[in-house]
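Colleague: Dropping the structure in here first, questions after.
Nothing in this text is a laboratory measurement; each read-out follows from the coordinates by a stated rule. This structure is a prediction, so every number in the text was calculated from the model and none was measured. No Cβ is skipped: glycine too gets one built from the backbone with ideal geometry, and neighbour counts run over all protein chains shown.
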Amino acid sequence: MANKRAHIGIIRHTVPEPTVYYGCGAECAEKMGITTRALNYLRAGVNKINKQGWKVMTDEEYAKYYQPPRPYKLPQKRPSSSERRYWRLLILKDWKVGELYPKDPERVFSGTMVEFAKRIDCQIGQAHRMVNAYTGILDDHPLRSLRGWRIARLRKYTGDEVRTKRVWCKEQKKMVYVKQTVRGS
């Protein structure tokens, strides 16, 4: 986002209230419909106003109409497909939240999203959308169930990790590297 030093205000006197905009030089120039060079001329006092009626705020206007910049919030990071590849789902058919899990093997599925999409013959995007609704990432038009199947449990499994560790070997009388497999979460 914009640097604090570059946070400038521009104003256009409209009726009943003036239009005020704050941002960095490039954002203000884009809003005014001019180049940054023309904006620098306005800031230096060479020009007073541009053709659309925008001008740089004076100190009195700045004191009267100042609005602090809005804090920039980073968007929530969605897990990538490669991360989701290892997630394990427990999906139940014709099940409502709060009920006991069914015992019938035809109504219970446990596996990955790709396996689930192949089993019920749907697109993988629909399975991702259902997982997004379950995790709370997707707020607009959530997909809670798909053809009667509903997610009961989601386990994020990232895969096995191989770590190398240095240990002392008495037989060789030196430090050696040993590979150790750690099961993911």
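Colleague: Using a Gaussian network model of the chain whose springs link C-alpha atoms within less than 10 Å, name the residue from Arg163, Arg155, Arg78 with the highest mean-square fluctuation.
Modeller: Arg163
Colleague: Counting only residues 5 or more places away or on other chains, whose amide H sits under 5 Å from the amide H of Asn50 once H atoms are built in the peptide plane?
Modeller: Residues meeting the amide H criterion: none.
Colleague: Straight distance only, please: which lysines reach the Cα of Lys173 with their own Cα at less than 22 Å, same-chain residues fewer than 8 apart left out?
Modeller: Straight-line reach from Lys173, under 22 Å: Lys165.
Colleague: Step through the table entries Lys31/Lys51; Lys31/Lys77; Lys118/Lys156; Lys93/Lys118, compare each Cα-Cα distance with 18 Å, and write down the pairs that go over it. Before the final figure, lay out each step's value.
Modeller: On the way: Lys31/Lys51 13 Å; Lys31/Lys77 29 Å; Lys118/Lys156 20 Å; Lys93/Lys118 15 Å.
In this structure, Lys31/Lys77; Lys118/Lys156 lie more than 18 Å apart at Cα.
Colleague: Same structure again: Using the basic label-point model (7 angstrom from Cα toward the beta carbon), what is the Lys96 to Lys165 distance in nanometres?
Modeller: 5.1 nm
Colleague: Each residue of region 14-30 in turn: what ³J(HN,Hα) in whole Hz from Karplus with 6.51, -1.76, 1.60 and θ = phi - 60°, glycine and Pro shown as x?
Modeller: Once rounded to whole Hz, the list reads 10, 9, x, 10, x, 8, 10, 9, 10, x, 6, x, 5, 5, 5, 5, 5.
Colleague: I've got another one for you. Could you work out the Kirkwood radius for the chain, taking every pair of different alpha carbons, averaging 1/r and inverting it, reported in Å? Mind dumping the intermediate values first?
Modeller: Details: mean 1/r = 0.0440 Å⁻¹.
Taking the inverse mean of 1/r over all distinct Cα pairs, the chain comes out at 22.7 Å.
Colleague: Which cross-chain or sequence-distant (5 or more) residues have an amide H under 5 Å from the amide H of Leu143, H modelled 1.01 Å from N in plane?
Modeller: Amide H neighbours of Leu143, under 5 Å, 5+ apart: Ala133.
Colleague: For Gln172 and Cys122 in the same chain, what is the full-extension length gain: residue separation times 0.36 nm, less their Cα-Cα distance, in nm?
Modeller: 12.3 nm
Colleague: Please report the net charge: other residues with Cβ closer than 14 Å to the Cβ of Trp95, K and R +1, D and E -1. It would help to have the intermediate numbers written out before the result.
Modeller: Values: positive: Lys93, Lys96, Lys103, Arg107, Arg144, Arg147, Arg150, Arg153; negative: Asp94, Glu99, Asp104, Glu106.
Taking every other residue near Trp95 into account, the sum is +4.
Colleague: Please rank Thr112, Thr35, Thr181, fewest neighbouring Cβ atoms within 10 Å first, as an exposure proxy.
Modeller: Numbers: Thr112 16, Thr35 12, Thr181 8.
Listed from fewest to most nearby Cβ atoms, that is Thr181, Thr35, Thr112.
Colleague: For the pair Ile137 and Thr36, what calculated FRET efficiency results from E = 1/(1 + (r/R0)^6), where r is the Cβ-Cβ distance and R0 = 45 Å, to the nearest 0.05?
Modeller: Details: r = 37 Å, r/R0 = 0.83.
Once rounded, the FRET efficiency stands at 0.75.
Colleague: While we're looking at this one, here's another question. Starting with the fewest neighbours, write out Cys169, Cys24 ranked by other beta-carbon atoms found within 10 Å of each beta-carbon.
Modeller: Working: Cys169 10, Cys24 18.
Neighbour counts put them in this order, fewest first: Cys169, Cys24.
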